[in-house]
Amino acid sequence: MVTRRQGREWALQMLVQFDLNPPTAIDTAISDFWDMQARLEADGLAERKRGVRVLFTSTNPRELAALATMRAFTEVRVKGVWSAGAAVDAMLDPFLSSWPLYRLGTVERSVLRLAAWELKNCTDIPTPIIINEAVDLAKWFSESKSGRFVNGVLDRLGKKMRNAPEKACSPD
């Protein structure tokens with residue numbers, strides 16, 4: 001089963017890619033990302049025997065439905081962060097303790113942007129879950145020290161942001 005964690009990993013991968021190489025058309029870039037994921041999985045089908053989960057080439061209707069849901073979950077986040085780029089950066093800036101956003105590592109910057117966007121727009125997801133997911137992503141895709149930094153920034157941001165009215169964040 002595809003999880004929200006996997007959806008956030010995909011979103012982070014796209015955001016890092018787009019940060020390093022900004023696309024001219026976001027929908028095309030997202031489509032290209034999914035095509036690449038499917039090709040990478042198809043090339044690695046031999047690994048299926050070793051327990052690697054097959055998602056994009058599955059023929060199981062339940063798995064395909066779960067994949068479609070997670071793709072929508074991922075795309076909502078990527079398009080949201082990308083379209084609100086300057087606003088998200090402005091939300092983060094006061095909490096970076098004299099560190100300009102451009103000086104952060106690409107992974108940390110993208111993790112912070114994703115989590116900040118979720119804190120603002122996805123109040124149906126508890127703050128600790130958003131922060132925990134962001135910390136885990138930072139540790140996994142960067143280093144353990146990144147997790148502490150991300151946690152500190154998002155903890156302060158989360159306390160300020162969650163005073164907004166309730167608003168659900170789902171791909172529906």
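Distance between the 7 Å Cα→Cβ label points at Thr3 and Ile125: 1.4 nm.
To the nearest 0.05, what FRET efficiency results for Leu20 and Ser98 with a Förster distance of 22 Å applied to their C-beta separation? Display every interim value, and only then the final one.
On the way: r = 25 Å, r/R0 = 1.11.
About 0.35, to the nearest 0.05.
Annotation: the residues Glu108, Glu41, sorted from fewest to most other C-beta atoms within 10 Å of their own C-beta, follow the order Glu41, Glu108.
Mind ordering 67-79, 90-102 by average Cβ neighbours within 10 Å, highest first? Mind dumping the intermediate values first?
Working: 67-79: 19.4, 90-102: 12.9.
Most protected by this proxy first, the peptides run 67-79, 90-102.
Using a cut-off of 18 Å between Cα atoms, the listed pairs Lys120/Lys160; Lys79/Lys139; Lys139/Lys159 include Lys79/Lys139; Lys139/Lys159 as exceeding that distance.
First check a/c for the range 85-160, with a ≥ b ≥ c the square roots of the eigenvalues of its C-alpha gyration tensor; if it is under 1.5, answer rounded, and if not, answer prolate when a/b is larger than b/c or oblate otherwise. All intermediate terms of the calculation are to be shown ahead of the outcome.
Numbers: a/c = 1.59, a/b = 1.09, b/c = 1.45.
Note, shape of the range 85-160 comes out oblate.
Values quoted throughout were computed directly from the atomic coordinates according to the rules given, and no laboratory measurement underlies them. What you are looking at is a predicted structure, and each value in this text was computed from that prediction instead of being measured. Virtual Cβ from ideal backbone geometry, glycine too; neighbours counted across all protein chains shown.
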